[in-house]
1. Identify all residues within the range A:17-39 that are loosely packed, with under 12 Cβ neighbours inside 10 Å and within 14 Å of DNA strand D (Cβ to nearest atom); write none if there are none.
2. Look through A:VAL58, A:VAL80, A:VAL19 and report the one residue that is out of contact with any Leu (no Cβ under 9 Å at 6 or more places or on another chain) and of a type outside the set (Gly, Ala, Ser).
3. Report, by residue number, each residue of the range B:40-65 that is buried (at least 21 other Cβ atoms within 10 Å of the Cβ) and touching a strand residue (DSSP E or B) at 6+ places or on another chain (Cβ under 7 Å).
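No value in this document is a laboratory result; all are computed from the given coordinates. Quick caveat: nothing in here was measured; it's all calculated off a predicted structure. So basically every Cβ, Gly included, is an ideal-geometry build from the backbone, and we count neighbours across all protein chains shown.
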There are 2 protein chains.
Amino acid sequence: MDYAGIQHGQQQHEQVTLVDKVEADLLSFFNEQQFKAGDVIPKEVELATQLGVSRTVVREAMLRLRMRGLIDSKKKRGTVITNPDLLSLIEKTMYPGILDDQTLRDIFELRMVLEIGMGDLLFERVTQADIDELYAIVADEPVNTEKTIFNIDQEVRFHGKLYDITGNETLRRFQRMLLPTFKYVHEGDIFKKPVQHKKFVSHRGLVDVIQHGNPETFRNAMRNHFENYFQRLF
Amino acid sequence: MDYAGIQHGQQQHEQVTLVDKVEADLLSFFNEQQFKAGDVIPKEVELATQLGVSRTVVREAMLRLRMRGLIDSKKKRGTVITNPDLLSLIEKTMYPGILDDQTLRDIFELRMVLEIGMGDLLFERVTQADIDELYAIVADEPVNTEKTIFNIDQEVRFHGKLYDITGNETLRRFQRMLLPTFKYVHEGDIFKKPVQHKKFVSHRGLVDVIQHGNPETFRNAMRNHFENYFQRLF
DNA sequence: CAAAAGTATTATGTTATACTTAATGCACAA
DNA sequence: TTGTGCATTAAGTATAACATAATACTTTTG
């Protein structure tokens, strides 16, 4: 594993700027002072003079911290430490227009990996009410003809419910985060050939497996459900 | 799904600041102009006058974009569009001290979901060289006694290699991102009972499956490999 | 005397300007 | 042709001043 040369931050050209240093300084300072959520930190000018830099630099560094959800600033009250919200940040970045095709493809794969692998969580936490809801969702679907019209909203509703059932909030956040890319993939031309919307295992089939099967049969069913995507990707 | 009230950005107090607007403006501008990686964007002063704001505001907005890996600035050359670096940002924020226990538990589950679900990618892209390398890694491991000493570095090497094999860069980044939490989980007391380090399926067993099995048998083997974790979580 | 209205203060948000630094390109010399 | 050096350019940094909004304080008024 060659991690050398990986640019970890925002500065791809080795330019360790003053703001970078101040950002790190502030972080270690907060750590030293054992600041916890809600605590007010010194005002910008104080930090600036104390660190021997201009207020501009301090502001830019704090802007980054604020962006990472580490602090929150209000007008007169000053700036306070907050609990970081890990994923909200990526959620914003994750809009597909700016992602290159390879990353989109990666994300699409990632989605399938998640849904195939979630079997155990699903079976551990699913309730009969959940299953009923899933049946209700698939009941809305058009009759299972050979090639049903692909309905993206149905798709999202169904698979979204699966994520809900896992009870894993982080997982659900990830799904919400990846969601925008799916529509894009379906509408775009990531796949060479158009996606066949004939499902090997239908949504209804998956619910049946959840009702009567076990994690292992679910994994296989979900894998089969994704068959045409896999064929296109590989 | 109730998305109302979700605080999406960095400004928790509804203060939509000028920088926020300019940030969004710049993004849509880049999108309009169909900028792709490598393209140079107008210089700060131009953008400032064009948008009718001060250079400072433009700079702060661009600082955020740079932080998100969307642009990269050099001294004379100006600022260019780059492929967004989705995850490096979180990687930095993801240090476990600030995550609550539930999130840590969620992340741990997520890891297992990923590794169980990655079977198909693995088999599609694994080479004999990869398998040899995996065998080399497990060869370093202590002899498989009933309760082997749990070696976190071995663990990381082995499972990290699996992520590498998938050839999915996004997936690998996720792993690197989640990595710090694993050590924390093992050292901390997330689990009620101490983790039994006896593996149901050993690392060597997994390699054997990769050599001779298929995605389905791999998923089951990996599930089994995680058995003691599952027992502890559920 | 207490509640409301108004005023002062304060810390962040924003603007403007000037200076510093490093990379690029061009010109001139070897 | 090659290489050195200077001018130029655009980002990085610094400073000062004003705008804005939230808080604290004071005054008015019932």
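1. So in the range A:17-39, the residues loosely packed, with under 12 Cβ neighbours inside 10 Å come out as A:28, A:31-32, A:34, A:36, A:38.
Passing the criteria: only A:GLY38.
2. A:VAL80
3. B:MET62, B:LEU65 - these are the residues of the range B:40-65 that are buried (at least 21 other Cβ atoms within 10 Å of the Cβ) and touching a strand residue (DSSP E or B) at 6+ places or on another chain (Cβ under 7 Å).
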